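Have a look at the structure below, then the notes.
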Amino acid sequence: MKALIVDDEFNVRDVIRHLGQWEQHGINQLLEASNGDEAKKLIEKESPELIFTDVKMPGMSGIDIIEWLDSISYTGKVVLITGYDDYSFMRKAIQFRSFDYLLKPIEADAFNHTLAEAVKSWSEEEETRVYQETGVYDDVKKFRSNQLVTAACMGEIFDPDPIEACLPAADKYDLTLLSFYQMHHPDPYIQLLADELMDSRTGNAFALQNEQNLCLVITISGQWLSVEESISKQFDIPVRLVSGESITSVKEIPDAYPLLHKAMEDQNFRSIHRLNELDAARRMEDIVTYVETYYMEDLTLERLASIFFLSREHISRKFKEETGTTISKFITQQRTEQAKSWLKDTEESIYSISLMLGYQDEKYFSKLFKKVVGITPFEYRNSEKAVKKQ
């Protein structure tokens, strides 16, 4: 398999090249392009199965690339990479069916997880193209319908026909937004609910692609209470839900969904299977483990509160009780230890290390490192080299 890295910054391409576990995932040829025009020529010549592209570049941008790829029915997987957390980019990514969307600075585990999933997805779809003359697998159909519903929820232009094809005919539908405790892996539960709704001809459930723990349920008007009763019996994990919005056509989803999402953000939800005190204690262990794993990402109290169903104040207080330090200091210590390891055992530049750790500013990283270690990263690397020579 071939993979193409597209970015106008050499340092970023260098970081991605070193982060990726390419051979482990069957990538035996790695291509690079410094701009969109160069990438287009390489794609036409080499036909890479995977493309990792920056969004903002001089000339042909990453968005231009995915629009062009969509126009030629490109069958590979495209992952957009950008340093700008811009909602419009995500909408475009979904509209033109990019596989994923990653923010800089890129964290190794997250990148390689996306790489593995992209390879897996491409392989499955390639099998479909080879062994099935017409149609697509049900899971591919489901993924596409999830993409379309997500686009509708985000206010993007979408084709309502495939969504309507996934729903029983009705004059009126009820919308319900479900929020799952993310560490419990909600996908099997969403699929279970979707299958049950389809079998009973009462509706369908769609996993939203922009937020992994959210699910939009569309049911025939008047059927929701029986569906909720079924969820209470079959689900063994906590679920938050907001309902009350009705539509006569899926074209109305862009207007109805923001009301549900705001109600969820404002904590105006109902709960199924509340977590007890023992579960709350386990969640704190999960939080510590999560921070230890994803400390190179932009971890905020708001993000942790959304993922773990706890208030920001509770997380802040209990995290300090659990670890003896604040979350920010804990993350700084974890990043510093990783920096020391890379400075000692690799030849990565200090700039690259700062990017991989989540710092856009090399000077800020060096200042923070010195505050914790007592010397600059440059001094630390030279001291370790001196020790090795002895």
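Of the set (1) more than 29 Å from Y173 (Cα to Cα); (2) at pLDDT below 85; (3) touching a Pro at 6+ places or on another chain (Cβ under 8 Å); (4) not acidic (D, E), all apply to A305 but (3).
Of the residues screened, S246 is one that is on the phi < 0 side of the Ramachandran plot, surrounded by fewer than 17 Cβ atoms within 10 Å (Cβ to Cβ), of a type in the set (G, A, S) and at pLDDT 85 or above. Would a scan of the stretch 295-302 turn up a residue that is under 27 Å from the mean Cα position of the chain (by Cα), part of a helix (DSSP H, G or I) and either outside the structural domain of E211 (by TED's automatic domain parsing) or buried (at least 18 other Cβ atoms within 10 Å of the Cβ) (or both)? So far as the stretch 295-302 goes, yes, one or more of its residues are under 27 Å from the mean Cα position of the chain (by Cα), part of a helix (DSSP H, G or I) and either outside the structural domain of E211 (by TED's automatic domain parsing) or buried (at least 18 other Cβ atoms within 10 Å of the Cβ) (or both). Working only within the stretch 39-48, note down all residues that are surrounded by fewer than 16 Cβ atoms within 10 Å (Cβ to Cβ) and free of Cβ contacts under 8 Å to residues at least 40 places away in the same chain. Result: K41, E44, K45. Does L241 satisfy the condition of being crowded, with 18+ Cβ neighbours inside 10 Å, in contact (Cβ under 8 Å) with a residue 60 or more places away in the chain and either out of contact with any Pro (no Cβ under 7 Å at 6 or more places or on another chain) or among the small types (G, A, S) (or both)? Yes.
Among (1) over 26 Å from the mean Cα position of the chain (by Cα); (2) closer than 18 Å to S243 by Cα; (3) at pLDDT below 90, which single condition is F180 missing? Answer for F180: the failing condition is (1).
Only one of the listed residues (I27, I66) is over 20 Å from S352 (Cα atoms), modelled with pLDDT of 90 or more, surrounded by 17 or more Cβ atoms within 10 Å (Cβ to Cβ) and assigned by TED's automatic domain parsing to the domain that holds G83. That residue is I27. Among the residues making up the stretch 184-199, a single one is without any contact (Cβ under 8 Å) to a residue 40 or more places away in the chain and not in a helix (DSSP H, G or I): H185.
Might you check whether a residue that is of a type in the set (K, R) and within 23 Å of S226 (Cβ to Cβ) occurs anywhere in the stretch 144-160? No, that holds for no residue. Just one of the listed residues (Y131, Y101, Y173, Y137) is surrounded by 18 or more Cβ atoms within 10 Å (Cβ to Cβ), at pLDDT below 90 and either closer than 30 Å to D14 by Cβ or not polar (S, T, N, Q) (or both), and it is Y101. Within the stretch 228-240, does at least one residue satisfy the condition of being over 22 Å from the mean Cα position of the chain (by Cα) and at pLDDT 90 or above? Checked against the condition, which is being over 22 Å from the mean Cα position of the chain (by Cα) and at pLDDT 90 or above, the stretch 228-240 yields no hits at all. Scanning the stretch 245-276 for residues that are more than 19 Å from M154 (Cα to Cα) and outside any loop (DSSP other than H, G, I, E, B) returns R270, S271, I272.
Considering each residue of the stretch 308-322 in turn, none proves to be within 28 Å of P168 (Cα to Cα) and touching a residue at least 12 places away in the same chain (Cβ under 8 Å). Which of (1) at pLDDT below 90; (2) part of a loop (DSSP other than H, G, I, E, B); (3) surrounded by fewer than 17 Cβ atoms within 10 Å (Cβ to Cβ) is the odd one out, the single condition Q21 does not satisfy? Looking at each condition in turn, Q21 falls short on (1). Looking across the stretch 346-390, just one residue is surrounded by fewer than 16 Cβ atoms within 10 Å (Cβ to Cβ), among the small types (G, A, S) and either closer than 25 Å to R13 by Cα or in contact with a helix residue (DSSP H, G or I) (Cβ under 7 Å, 6 or more places away or on another chain) (or both), and that is S349. Would you confirm whether any residue within the stretch 312-331 is under 23 Å from H185 (Cα atoms) and either touching an Asp or Glu at 6+ places or on another chain (Cβ under 9 Å) or surrounded by fewer than 12 Cβ atoms within 10 Å (Cβ to Cβ) (or both)? There is at least one residue in the stretch 312-331 that is under 23 Å from H185 (Cα atoms) and either touching an Asp or Glu at 6+ places or on another chain (Cβ under 9 Å) or surrounded by fewer than 12 Cβ atoms within 10 Å (Cβ to Cβ) (or both).
The values are calculated or read from the model by the stated rules, or taken from the named source; none is laboratory data. Just so it is clear, the structure is predicted and the values come from calculations on it, not from any experiment. Note that each Cβ is placed from the backbone with ideal geometry, even for glycine, and that neighbours are counted across all protein chains shown.
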